[in-house]
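Down below is the structure, laid out as structure tokens.
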Amino acid sequence: MLTKNLDADPDEANRTKTVKIHALRILVSLAIACGLLDAQQTRAAAGSAKSAFVFGGVGYLHRWSMNHQHEFTPEGQEDLEKWSDMITINVYPDAHDGEALAKKANAVLENYKSHQGKVLRTSSVPRTPKQPAEHFIAVVFGRPNFIEVALARFKLVDGLGCSIVYSHRIYGEKIGDQMSAWLKNNGAEKEKALMEWNEIPSPASVDRELPRKGGLPSEGKASSQ
């Protein structure tokens, strides 16, 4: 049989109860603080993903790879079904000289045409004693819900042929005037940046080191290989 302690101090009991409540509140506050810290650290880690390279002052992250084709977009453009800017690096394992590179460039040009691409212009940089010839193609693809411009540079890097393609998209319907304005304001600048870009990743290392990510490349994007 339980008996009530008639000598117990009611104020002491209340003080004990108050201390326990304060301790519980402190524990809850610490748990919330730790949770917020973990969340902040997670966001910081996610936001600090290392760029594969920088082009035009913008860092590009690897998004997709398959069959010697590698796609990169800036931070915040992870969705390969709706991006604005993309760098695609295509590696040609069997192209080791200027003649083989020129054949690849011509094949890609015909591929662009077969995908209803409107060729804006083509050009070549003549061969020098130190550097094989390079080639350039500018093309526009019109699709029902977007227009894409692709600027492709064909170059031998470390003795291996590759193409570096900068692509820009504008989404919507009846946006021809918007793309024309973008090309007028940015086309020459982007071409110059692409053709003068000297920090191109080594094609061999790109092919060897980047993880393969299956599935389809960016939706609606014409094959640039």
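The values are calculated or read from the model by the stated rules, or taken from the named source; none is laboratory data. Everything numeric in this text was worked out from a predicted model, so none of it was measured. Here Cβ is always computed from backbone atoms with ideal geometry, including for glycine, and neighbour counts include all displayed protein chains. The protein model used for the area step is the full one, side chains on, heavy atoms only, and it has no ligands, DNA or RNA in it. Shrake-Rupley method; radii C 1.70, N 1.55, O 1.52, S 1.80 Å.
Annotations
- Within segment 49-73, restricting attention to residues that are in a loop (DSSP other than H, G, I, E, B) and of a type in the set (A, V, I, L, M), the residue that is farthest from Ser202 (Cα to Cα) is Ala49.
- Matching residues, segment 132-144, being part of a loop (DSSP other than H, G, I, E, B) and surrounded by 12 or more Cβ atoms within 10 Å (Cβ to Cβ): Pro132, Ala133
- Residues (over 27 Å from the mean Cα position of the chain (by Cα), charged (D, E, K, R) and in a helix (DSSP H, G or I)) located in segment 74-131: Glu99, Lys103
- Val149 being open to solvent by less than 70 Å² (accessible area, probe 1.4 Å), at pLDDT 95 or above and under 20 Å from Tyr60 (Cβ atoms): yes
- Output for segment 109-122, where each listed residue is open to solvent by less than 40 Å² (accessible area, probe 1.4 Å) and hydroxyl-bearing (Ser, Thr, Tyr): Tyr112
- Residue ID - surrounded by the fewest Cβ atoms within 10 Å (Cβ to Cβ), chosen from residues in segment 152-187 that are of a type in the set (Phe, Trp, Tyr) and in a strand (DSSP E or B): Tyr171
- Residue in segment 152-167 that is at positive phi and either in contact (Cβ under 8 Å) with a residue 60 or more places away in the chain or of a type in the set (A, V, I, L, M, F, W, C) (or both) present: yes
- Of the listed requirements (1) in contact with a strand residue (DSSP E or B) (Cβ under 8 Å, 6 or more places away or on another chain); (2) loosely packed, with under 15 Cβ neighbours inside 10 Å; (3) at pLDDT 95 or above, Asn106 misses just one: (1).
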